[in-house]
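Heads up: the structure comes next, in structure tokens.
Values quoted throughout were computed directly from the atomic coordinates according to the rules given, and no laboratory measurement underlies them. Just so it is clear, the model here is predicted, and its values are computed rather than measured. Neighbour counts run over all protein chains shown; Cβ positions are idealised from the backbone, glycine included.
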Amino acid sequence: MTAIEGMEGYSPDGIFLGFDPGGASKFGVALLDAGRLTAATVDTVDDAMAWARGACGDREPIAAGVDTLLHWATSKSGVRPCDLELRSRYPNSKNSIMAPNSLFGAMAIGGVALALRLREQWPHLLLNETHPKVFSHALGFRYDPKSAGSVRAAIEWFDGKRPCAHRMQGEHQFDAALSAWATELGVTANWPCIIGDNANLLYPAGRVSYLWPTTDHIVSIIG
């Protein structure tokens, strides 16, 4: 499956949402629309949905990138083909690609709850799984979310790659913005989907994508 499967007739110009599901004051939300970035930090799935509806207004977003598990596997520890592929491609980041069954509920359960609400609001919305920390590593930039200085450097790095009028604050807004940007790039450049075709995969919110850049895509982004 590619970025544009099921999206025939959609224009690449439009709204892309990004989310970094978490707990109170740790739920990042972002919107990219041409040269405009809007980002915030909220507390709950309901808050995130209210923010997204308000930010989109009467326009329907093209896609949403969500830093969570948008599809599950019934294999040992819930490990999916995409997890194995990313661990193989980025061995220095393999500790960030944890077994799904070991993840915290705010990210795993809250993320799927958000996906279900997004599909209720916009039934044709493309849902795209993201992994912003591994994505930034793939582009040659790594940051420490526990260091305020490192997060500020990450925001400066993002602004150099995707200039926007709005400056985000903190790691959760950064991860949400990076999720929106990766989804925007994946759709417009038609990145391949790394989900795979396995019989043991489940899709609680319906079919989704996990768009990931090839080496050529990464080179074009880095410039």
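Using only side-chain charges placed at the Cβ, +1 for Lys and Arg and -1 for Asp and Glu, the dipole size of the chain relative to its Cα centre rounds to 560 debye. Between Ser88 and Phe141, the contour length at 0.36 nm per residue exceeds the Cα-Cα span by 17.2 nm. Note on Asn95 and Gln121: the model spin-label points, each 7 Å out from Cα along the C-beta direction, lie 3.6 nm apart. For Ile15, the residues whose amide H sits under 5 Å from its own are Ile62, ignoring neighbours fewer than 5 places away on the same chain, with H placed 1.01 Å from N. Each residue of the range 116-128 is assigned a 3J(HN,Hα), and the resulting list reads 5, 5, 4, 5, 5, 6, 10, x, 9, 5, 6, 9, 10 Hz, derived from the Karplus form 6.51 cos²θ - 1.76 cosθ + 1.60 (θ = phi - 60°), x at Gly and Pro.
A full extension of the chain between Ile222 and Ala50 corresponds to an added length of 58.5 nm, given 0.36 nm per residue minus the alpha carbon distance.
Explain nothing, just the number: relative contact order of the chain, from Cα pairs under 8 Å at least 6 residues apart, as a whole percent. In percent, rounded to a whole number, it is 32.
Only lysines eight or more places from Lys146 in sequence, or on another chain, were considered; those with a Cα closer than 27 Å are Lys26, Lys94, Lys133, Lys161. Between Asp58 and Arg152, the modelled labels are 4.3 nm apart [label points 7 Å from Cα along Cα→Cβ]. Peptides 32-45, 78-91 ordered by packing proxy, namely the average of other Cβ atoms within 10 Å per residue, highest first: 32-45, 78-91.
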